[in-house]
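The block underneath contains the structure these notes are about, expressed in structure tokens.
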Amino acid sequence: MSPMPDDWYDDEGYDKHGFNQKKIHKVTGTTYDENGFDSNGYDENGFAKEGIHRDTGTKYDGGYDARGYDHKKFDRSGLHKNTRTKYDDDGYDRSGYTSSGFDEDGYDRDGYDKNGLHKVTGTEFNEKGFGKDGFNQKKFNRDRIHKVTGTSYDEEGYTNSGYDRSGYDRSGYDRRKFNRDRIHKVTGTEYYPSGFDINGFDKNGIHKVTGTKYNEEGRDMNGNKGKLVIQEAMECLAFGNYEKAVKWFDKILKVAPEDSLVWCNKGLSLAGLEKYSDAIICYDKAIAINSKNDNFWECKGYSLHSMKKYDESLACFDRAIALNSKNYDAWKGKGDVFLMLEKYNEALRYIEKSLNLKSDYGDIWFSKGFVLFKLQKYVESISCYDKALEIDPDDYLSLIGKSDSLEKLERFNESKKCLTRAKEIENEN
């Protein structure tokens, strides 16, 4: 008679090991048989009858065998198999130390022998410079507290680094190697070897970071207040001097590399130069520092729009709106994307959301006028351009848009007047 196959079940629904299809044993009524093994032949700890663990393929589950002992014959509670104490036959615990606290080489858990010498350094101090009592040669512990005074200063008033409360070492120099008279230890003058004084100015009064006669706080070498570097940068950005603005923002970022607003403003300056890829790098820097600022996402969205990456642009505008539903520029930007995709009704919907938030913004009225023009609603388009021109009478783009709409209505004289005025403004600028 051939042996019973493993997947065969008897009339009562049990296999040759006594388990049914639900892995319940016939005798015990559990997932384990009388000997404590499941239908796959493993006990609750994952060991087979032969003592091999199912995961490791060895006699150990990663630390213990089937009987619960590790390689050194200690069980999970730390007791030895033979002695039933925390120490083996030779008197060592699981970690290899005797009851006196020393290993077989004669060193304690901190690496010191009975004479207090460290096994690595051969001295009373370990590799990090601390003795067995936790204090270094200067009698400071790891928290820089002195053993005798109980403060951050020793008996003579110096810290572990060797500086007094005024910041000077025993030879009278601070960490920058200047003495109390502001004379440098190496140069013997008031200047560093690099040629700059303690405040960052050279002999000609030029600051090392800003490259001007003013430091980052807007003060000259004598401490007199001047124009802040950030003010210079923002004025350049506001008046369209983008190349100079970029240079100013770069100077600021040398001393404030984590200033997200500066990164964003540098991005705006680069966008003004139509360097959109470089601008996006700056916006990404700003976002990495502060991803919760909706304006950073909006600015990135506009640069992507200029690069005709409309899907990515929309994603940025949506992120900005999710962070701040009152960001009218983001709503306008989203409308402008749909305008470029020739989805004019959707574009109109988002631009109107923007107008509901900011009705005195000429650019939004211009966008609405242009969308209505595309929808062939010329009269309504003219009304929008007029709104934009009320806000800024020199908005030559709105004049051109109005001219186009008037031409469609065959109001040619009015159209010509608008176009003539638009060209005059463009020439003036």
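Our helix-only sum for the chain, with -39,500 (n - 2.57) per DSSP H run of n ≥ 4 divided by its residues, gives a mean residue ellipticity at 222 nm of -12000 deg cm²/dmol. By the count of other C-beta atoms within 10 Å, a proxy for reagent exposure, 406, 304 are ordered fewest to most as 406, 304. Rounded to 0.05, the FRET efficiency of the residue 170 and residue 222 pair, given R0 = 30 Å and the Cβ-Cβ distance, is 0.40. How large is log10 I(q)/I(0) at q = 0.20, 0.21, 0.22, 0.25 Å⁻¹ when the Debye formula is applied to the Cα atoms of segment 251-336, each weighted equally and without solvent? Each listed q maps to, in turn, -0.82, -0.90, -0.97, -1.19. Helix 276-289 axis versus longest C-alpha principal axis of the chain: approximately 50°, rounded to the nearest ten. A simple count of charges around residue 413, restricted to other residues whose Cβ falls under 14 Å of its Cβ and scoring Lys, Arg +1 and Asp, Glu -1, yields +2. For segment 8-145, a Kirkwood hydrodynamic radius built from all Cα pairs, placed in the Stokes-Einstein relation at 25 °C and 0.890 mPa s, yields a translational diffusion coefficient of 127 µm²/s. What the pair-distance distribution of segment 91-238 shows, using all Cα-Cα distances binned every 10 Å from zero, is 10, 20, 19, 17, 15, 10, 7, 2, 0 percent. Relative to the longest principal axis of the Cα atoms of the chain, helix 242-255 runs at roughly 30 degrees. Once the Cα atoms are used to define both axes, helix 362-374 deviates from the longest principal axis of the chain by about 80 degrees. Multiplying the residue separation of residue 312 and residue 16 by 0.36 nm and removing their Cα-Cα distance gives an extension gain of 100.3 nm. Taking amide H as placed 1.01 Å from N in the peptide plane, the amide H of residue 125 sits under 5 Å from that of 118, each at least 5 places away or on another chain.
Residues 114, 247, arranged from fewest to most other Cβ atoms within 10 angstrom of their Cβ, appear as 114, 247.
A straight chain from residue 241 to residue 359 at 0.36 nm per residue would run longer than the Cα-Cα distance by 39.6 nm. Working from label points 7 Å from Cα in the Cα-to-Cβ sense, the residue 83 to residue 386 distance is 10.3 nm. Available extension along the chain between residue 67 and residue 50 is 4.9 nm, counting 0.36 nm per residue and deducting the alpha carbon span. Viscosity 1.567 mPa s, temperature 4 °C: what is the translational diffusion coefficient of segment 252-428 from Stokes-Einstein with a Kirkwood Rh over Cα pairs, rounded to a whole number of µm²/s? Here the translational diffusion coefficient equals 75 µm²/s. Based on Cα atoms of the chain, Rg over Rh with Rh as the Kirkwood radius reads 1.26.
In plain terms, the C-alpha convex hull of segment 15-68 casts an average shadow of 3.8 nm² when viewed from every direction.
Taking 7 Å steps out from each Cα toward its Cβ at residue 127 and residue 105 produces label points 1.2 nm apart. Working ranking of peptides 367-378, 287-298, 138-149 by packing, defined as the average number of other Cβ atoms within 10 Å per residue, highest first, is 367-378, 287-298, 138-149.
None of the figures in this text is laboratory data; all of them are computed from the coordinates on show. Since we're looking at a predicted model, the values are computed, not measured. Heads up, the Cβs are rebuilt from the backbone with ideal geometry, glycines too, and the neighbour counts pull from every protein chain shown.
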